[in-house]
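The values are calculated or read from the model by the stated rules, or taken from the named source; none is laboratory data. Because the structure is predicted, anything quoted here is derived from the model rather than measured. FYI the Cβ positions are ideal-geometry reconstructions off the backbone, even for glycines, and counts take in every protein chain you see. Remember, those area values only see protein heavy atoms, side chains included, never the ligands or the DNA or RNA. Shrake-Rupley method; radii C 1.70, N 1.55, O 1.52, S 1.80 Å.
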Amino acid sequence: MATPRNPPAGLRARLLRHLRHPLIRNGYALVLNSGSGAVLGMAFWVVAARRYDVGTVGVNAALIAALTLLSTISQLNLSNVLNRFLPGAGRRTGRVILGCYLASVGMSVVVGLVFLAGTARWSPELAFVSRDPRLSAWFLLALALWSLFVLQDGALSGLRRSSWVFGKNTVFGAVKLLVLLLPAVVAMRTGIFLAWTVSMVPLLVVGNVLMFRRLVAGRVADAAPARASVAVRPIARFVAADYVVALAGTGLISALPILVLELSGDAEAAYFSIAWSISYTLYLVSRGMATSLLVEGATEPARLGEYSYRAAVQTGVLLAPLVAATVLLAPLLMRVFGPQYAEGATTVLRLLALSAIPSAVIVVYSAVERVQGRMLRLVVVTLVVNVGALALSALLLETYGLAGIGVAWLLTQAVAATGVLLTVLLPLWLPHLDARLLTRLVRPVRGVRERVRRRRELRLLRSDYPAVAQALGLDPAWRVLRVVTTVGDVSVALLGAGCPAALLKYARTPAGTEALTYTGGVVDTLAGDPRLAAWTCVLPRRLGSTRTARGDLVVVEELLPGEDGRAVLGSAARDAGVASVLASAATLHTSTGRAARVDDPLLRAWVDEPVAVLAGWYTDAGRSSPAALDRLRDVLRAGLEGREVSVGWVHGDLAPGNVLLSTDGRQVRGLVDWERATSTGLPQVDGVHLLLTVRMLTEGRELGDLVCDLLPRARDEAAGAVQPGNPTAEPTGDPLDDPVLVLLTWLHHVSGIVAKTDHYAPRSVWAARNVDVVLDQLNQLDQAGHPGLAWAPWGSPPQESTTSSA
């Protein structure tokens, strides 16, 4: 008998972990709330469209829009206050909620009276409301109750009970649909509005009783005294700015149906209102996740980058198929309301649905700014985007009809989303982006940028080459063939008459001139060292040097034979090639090495100076130096100080691109680019650097990602090899299992790049994938209290004759 198949335990465990996180769990609850609201809301308007004529539907839709617009004004956007401050309210939880309720009710009365007094001026089509005392009174009461109804959702979300929001609003959608079916309601001109507003009353009463008796009472009983974050002054400052955001954002959403009613008539208002109500449910997906992000971000501000990225990803996963389905099925969706709706609103529905995707980016951005307290910038962005959208909508509505509003809304949302994504969100998300995905996305951009740079450099070199060739007496048949891709401020080109015969190196900046000068000195020193007589054939030979009319240094070197190391080490000959390069470097290390104890001068050169380079790199860009740099310095000093090592000449940048090999990889033909060389280096760093850069080449990954993978493994290996009570444990023999060597090599690599070029900024993709991720990893290991942070270096002190074994 076949046994039933269960989902794999690993998959089930991952799903449970995924849903267990409050950010995801509460976000999904709010999204489900939006989904149920969308389905029930659509059913409500289908029934309304079938039971009322188009004009009556348009008037009632505009009346409901007016109610929500005035409620937005009256709520003072206190829902965000509840989301932002309830997580830290403690014993003041009930008082904070009641204070928000009272403020909103008072504002509702004032705003409602003003609206009713000037209805003929604000919206002549709705003037009938103010002429009927009973309808006026109910409108005023409904306005206050609706404000409380919305604030109740904010309170439940702030209490991390978003599932209650889902339940409450699902019942609300069902009840208002049932009320709409009552014959007495159908007979009324404002029956749609009445069904919408009457249905919330019992839910508001029952919901508040349960919330205060169970949730608030439990929070107050268990909580410590409230923190200063719920004092009146910070809440008031938050409200003042966030209120403007709400008026410009949600207020505009509520104002659009009224705009259509006044400019195009009740039929167009009906078409637009239905399309708007369907598309708006898509926007609620992102708003649900953003609400959860605001609550969790306020609870753990240090993890805002991670949480906002996760919220954006989950929003995209949920939203993309919904948007695609809406665009494809738009005619069918609108035909449910009647053939005239399908004809009049299909196009605008598609455009509004597409705008939900860029709108999601803006919504996540707004939550990030609220958590960080940068309310002034949020106010400016919101005003510019939404006032621009309203003005463009009014302009295009008169020219292109309802489709014009869709175009205006999609265009403004897309432009704004691009701006906030590039300037605010992307720098915050870069450390959390999937490395392989990011590499695939960035590679085309890098390729285009490299081609543009090479063409620019080729034009420069060709214009200056005749004078250089004449000054150095080079072969008259030689010309500049092509530019070689490099990192730094030195351009490199191949010279020759058809076939490359020499290298031309052109310093574009003073830093480039300094690098070329230093490299020449190193090569001359090594070439003249009698201990290296049999090895110097791998060094480049200088044919001459001169300066251009601008004073830039130009060096011409003989082209060494051999294949580019990147081609060989990325092929089947990789293992042989790596062994050959390590053996060649071993000759340099052992021939020039001397035994030494790691003391303060060596620690300053190996650790303090490169850390200072990174710190200066951050501060020069206007950013504060990360605290993890200090921890990095302490970890490396503790792991290196007092060790008996071999010190000697090292290449400093031993990587596939700086090596020339035979085709089979068994012979090293050349070692180039010696600008990072030093006579007091640690030989093991050369070996680890080669191994890491070969993996970067073959796996298509960034160094920072590799280091982040290696650090936990290296930490565990090191802790197991030298743990107390096991002094005889043998080291693994793999230098990549040594966290000190891995971190020290990474530090020398990134500080070397930062020192020799200004092409990489602290907020660049390169910085995020190679620097920030490693510092974040170091912080996480530190915060987790791992004993591996007290790292000991390699298991046995290296002897002078074996220092190259890395």
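Things worth noting here:
- One decimal place: the segment Leu426-Ala184 gains 81.6 nm when fully extended, by the rule 0.36 nm per residue minus the C-alpha distance.
- Inter-probe distance in nm under a simple model that places probes 7 Å from Cα toward Cβ, at Ser624 and Thr299: 2.5 nm
- Pair Val105, Ala174: separation of 7 Å Cα→Cβ label points (nm): 2.9 nm
- Segment 289-372, accessible area per residue, ligands and nucleic acids excluded (1.4 Å, Å²): 35 Å²
- Order by protection proxy (mean Cβ within 10 Å, highest first), peptides 598-606, 72-80: 72-80, 598-606
- Alpha-carbon centroids, segment 361-415 and segment 137-166: separation in whole Å: 25 Å
- Averaged over residues, the count of other Cβ atoms within 10 Å places the peptides 637-648, 525-536, 582-593 in the sequence 582-593, 637-648, 525-536, highest first.
- Percent carbon-and-sulfur accessible area, segment 612-705, ignoring ligands, DNA and RNA, probe 1.4 Å: 45 percent
- Overall form of segment 649-717 per C-alpha gyration tensor (a/c, 1.5; a/b vs b/c): oblate
- Portion, in percent, of the accessible area of segment 238-345 that falls on carbon or sulfur, probe 1.4 Å: 67 percent
- Charge sum, other residues only, whose C-beta stays under 13 Å from Leu569's C-beta, Lys/Arg counted +1 and Asp/Glu -1: -1
- Applying 1/(1 + (r/R0)^6) with R0 = 51 Å to the Cβ-Cβ distance of Arg213 and Ala127 gives a FRET efficiency near 0.70.
- Radius 14 Å from Cβ of Arg51, net charge of other residues (Lys, Arg +1; Asp, Glu -1): +2
- Measuring r between the beta carbons of Ala595 and Val317 and using R0 = 60 Å, the FRET efficiency lands at 0.55.
- Solvent-accessible heavy-atom area per residue, rounded to whole Å², over segment 605-675 at 1.4 Å: 38 Å²
- Relative contact order of segment 302-362, defined on C-alpha pairs under 8 angstrom at six or more residues apart (%): 38 percent
- Val380-Ala612 FRET efficiency (beta carbon distance; Förster radius 22 Å; 0.05 resolution): 0.05
- Surface composition of segment 52-126: carbon and sulfur atoms hold 65% of the protein heavy-atom accessible area at a 1.4 Å probe.
- Separation in nanometres of the label points that stand 7 Å from Cα toward Cβ, at Asp564 and Val39: 5.7 nm
- Mean Cβ neighbour count within 10 Å, used as a protection proxy, ranking 512-518, 622-628 highest first: 512-518, 622-628
- Rounded if a/c under 1.5, otherwise prolate or oblate - segment 61-184, Cα gyration tensor axes: oblate
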